[in-house]
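Comments concern the structure below.
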Amino acid sequence: MKNVTKVALGTLIVPISLMVSCKPRNATNVVSGDAAQKAYVAPGKYDEFYNFVSGGFSGQMSVYGLPSGRLLRVIPVFSIDPEKGYGYSEESKPMLNTSHGFVPWDDLHHPELSQTNGEVDGRWVFGNANNTPRVARIDLKTFRTAEIIELPNSGGNHSSPFITENTEYVVAGTRFSVPPDYQDGDVPIQTYKSNFKGHLSFIKVDPGNGNMDLAFQIQCPGVNFDLSHAGKNKSHGWFFFSCYNTEQANTLLEVNASQRDKDFILAVNWKKAEEYLKAGKGKKVSTAYAHNVYNEKTHTASSEIKREVIILDSKELKDICYFIPCPKSPHGCDVDPSGEYIVGSGKLAAVIPVFSFDKMLKAIDQKAFDGDYDGIPVIKYEAALYGEVAKPGLGPLHTEFDGKGNAYTSFFVSSEVVKWNIKDLKVLDRASTFYSVGHLCIPGGDSKKPEAKYLIAYNKITKDRYLPTGPELSQSAQLFDISGDKMQLILDFPTIGEPHYAQGVSAAKINKNSTKFFKIDENENAYVAKGEGKAKVERKGNEVHVYMTAIRSHFAPDNIEGVKMGDIVYFHVTNLEQDWDVPHGFAVKGASNAELLIMPGETQTLKWVPDKVGIFPMYCTDFCSALHQEMQGYVRVSPASSKVPLSYSTGKTNTEPATN
């Protein structure tokens, strides 16, 4: 028996020891020093920064407070969201329209905050849809998605959305090169090299209201565009894209696209592209893409399918694009606050190459080229190289900057963040992450003026940081204090979806502009009821339109009869409240979609098709007052042949019963 016990214990001890051994020897717990105090935000106190974090495959964007790591809001962008009725209400459905029809999901990878003069201005945050290529603009007065534009000639919108220093353009590079939409796409996949092209999209942003318009696209050779950043200061007017698969493989890319020692960073002179555009050098081609806009006065989205886009051909216009060799499948492509240094991060590289903008211009002027790649000049590596960071770590991915001459690079394989000096390229500090870090964020870390108090690491694997939740553990972010010479881990906090890229900004740039409610007098929704006296129910053929109001703590009307089988019922609910943070919800039994969540002064519509005869309760879903539970009503549904007249009421009791 003892022997059996020993064997059993032995079999337990081995896996336990293996589990413990998964944790790095220097794994850190937040229990020492003043870490807890640095991350603590007392009840009732505000955080110092907003942190906008991509939700990855959730299609949403989450908003956290820093340094507390408190989740403040989840913004639905490319995915339907039953919590807020986004994509379910009739007003918001058009936001998810595409040339493929209604697409209720996508994969949001990169938030990008708007900038003015190279500084984060707190007006808008943009996000990309990776799967069905789209770019969204979120208004930071309301924290709601205001606009979505689809990108033609693209597949996998990964190097997106990145902006110029005055938000002149939001730029998006296609990850998958594909046959252009305006050509026959029914071609053998093996004809990749001859038929597949990579397009870069330049979306113009109206400086006053943020409205987007697809200004032009640049057609490039068929490679995979990965990430991007705009030039700034001296390099303003240029964009830099990392790209891999210069082998132009179309199968087993983990092998076939990693054969060359170097792929490229593509430098794009977008000011020169603008000149060619004005000179009429672009070619208008037929295509189809959706442009969806949410109107805050009508509280309604509209969708338009556009049919044309202007293409500039990088092969014909020789001085728009230049390739710079970059080692080992480059991923991150980051520009320091001065605009002089462009940092490439080869996923399999043993060094971090840092390129000089001045040297790049000199190389172009002197035509220091190593031939061309599909018509685009290739600058000699040494001619553009400022220097290499030696032995930095394993698997460099992304770099952020502190504005003090230092860079911070994430290393996926060695699970660490490495701080190094941009001028002398010396490593200054290392901090372990837990585990497999991807993107980093320093508030304003890709702008001309970073607010470098904190650095956040967004990790791909969590393992032993949180209580287990089955096969999948919570996604993870880790907060470092970088105010001193050494990085100090001060907080872990879980995130939703995949925390891919993120951006941060001081709260003072946003919270003073927050919308508190929509003025009911300015509500221009076609179905608004601007007071209980305006509530009504109308029949239009087999459509029944309920113009309903909601105010603490009742609906008007709250009793409706005369709805028949075969009717389509539209509940147009107007929230009459004129007070901050008093939304009302609306749901009806048996509805096959979600609820409504209606902000003060807003009108939203739920479409409901009754599926049986009977009495259907309806109620407010958002707890709004002490008598919230009493905020309810009934809808009576009769057979199609019924003669029950359409009627409605609020507050009427002891009435004569309607008859069949």
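Annotations for the structure displayed:
- Of the strands (runs of 3 or more DSSP E) that lie entirely inside segment 77-177, those containing 2 or more residues that are touching a Gly at 6+ places or on another chain (Cβ under 8 Å) span 112-116, 119-129, 134-139, 144-150, 159-163.
- Among the residues listed as Val63, Val53, Val74, Val41, the single one being touching a His at 6+ places or on another chain (Cβ under 9 Å), at pLDDT 95 or above, outside any helix (DSSP H, G or I) and among the hydrophobic types (A, V, I, L, M, F, W, C): Val53
- A count restricted to segment 508-560 and to residues that are touching a residue at least 40 places away in the same chain (Cβ under 8 Å) and of a type in the set (Ser, Thr, Tyr) stands at 4.
- Test for Tyr648: is it in contact with a Phe, Trp or Tyr (Cβ under 9 Å, 6 or more places away or on another chain), in a strand (DSSP E or B), among the hydroxyl-bearing types (Ser, Thr, Tyr) and over 30 Å from Thr515 (Cα atoms): no
- Filter pass, Asp184 being open to solvent by less than 10 Å² (accessible area, probe 1.4 Å) and of a type in the set (Asp, Glu): no
- Applying the criterion of being in contact with a Lys or Arg (Cβ under 9 Å, 6 or more places away or on another chain) and either polar (S, T, N, Q) or assigned to a helix (DSSP H, G or I) (or both) to the residues of segment 228-246, the residue that is nearest to Ile218 (Cα to Cα) is Thr246.
- Scan segment 262-284 for residues that are among the small types (Gly, Ala, Ser) and open to solvent by 60 Å² or more (accessible area, probe 1.4 Å) and the total you get is 1.
Residue-by-condition table, conditions (1) surrounded by fewer than 20 Cβ atoms within 10 Å (Cβ to Cβ); (2) among the hydrophobic types (A, V, I, L, M, F, W, C); (3) at pLDDT below 95:
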| residue | (1), (2), (3) |
| --- | --- |
| Ala363 | no, yes, no |
| Ala384 | no, yes, no |
| Glu388 | yes, no, no |
| Glu400 | no, no, no |
| Tyr408 | no, no, no |
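- Failed condition for Ile189, given (1) open to solvent by 10 Å² or more (accessible area, probe 1.4 Å); (2) of a type in the set (A, V, I, L, M, F, W, C); (3) closer than 30 Å to Arg73 by Cβ: (3)
- Positions within segment 462-500 being modelled with pLDDT under 95 and touching an Asp or Glu at 6+ places or on another chain (Cβ under 8 Å), in sequence order: Arg465, Tyr466, Gln475, Ser476
- Contact map, segment 605-616: first residue of a type in the set (Asp, Glu), second residue at pLDDT 95 or above and not in a strand (DSSP E or B), Cβ cut-off under 7 Å, separation 6 or more or different chains; pairs are Asp611/Gly590.
- Residue check, Ser194 open to solvent by 50 Å² or more (accessible area, probe 1.4 Å), farther than 14 Å from Asn128 by Cβ and of a type in the set (Ser, Thr, Tyr): yes
- Condition met for Ser447 (touching a strand residue (DSSP E or B) at 6+ places or on another chain (Cβ under 6 Å) and over 25 Å from Asp226 (Cβ atoms)): no
- In segment 326-347, the residues that are more than 14 Å from Glu400 (Cα to Cα) and crowded, with 24+ Cβ neighbours inside 10 Å: Cys326, Ser329, Pro330, Gly346
- Residue match in segment 247-261 (condition: open to solvent by 60 Å² or more (accessible area, probe 1.4 Å), of a type in the set (Lys, Arg) and either within 24 Å of Leu113 (Cα to Cα) or assigned to a strand (DSSP E or B) (or both)): no
- Out of Leu606, Leu597, sole residue that is open to solvent by less than 60 Å² (accessible area, probe 1.4 Å), farther than 21 Å from Arg539 by Cα and modelled with pLDDT of 95 or more: Leu597
The values are calculated or read from the model by the stated rules, or taken from the named source; none is laboratory data. Owing to the predicted nature of the structure, the values given are computational and were not obtained by experimental measurement. Cβ coordinates were reconstructed from backbone atoms using ideal geometry, including for glycine residues, and neighbour counts include every protein chain displayed. The accessibility values were calculated without ligands, DNA or RNA, using every heavy atom of the protein model including side chains. Shrake-Rupley method; radii C 1.70, N 1.55, O 1.52, S 1.80 Å.
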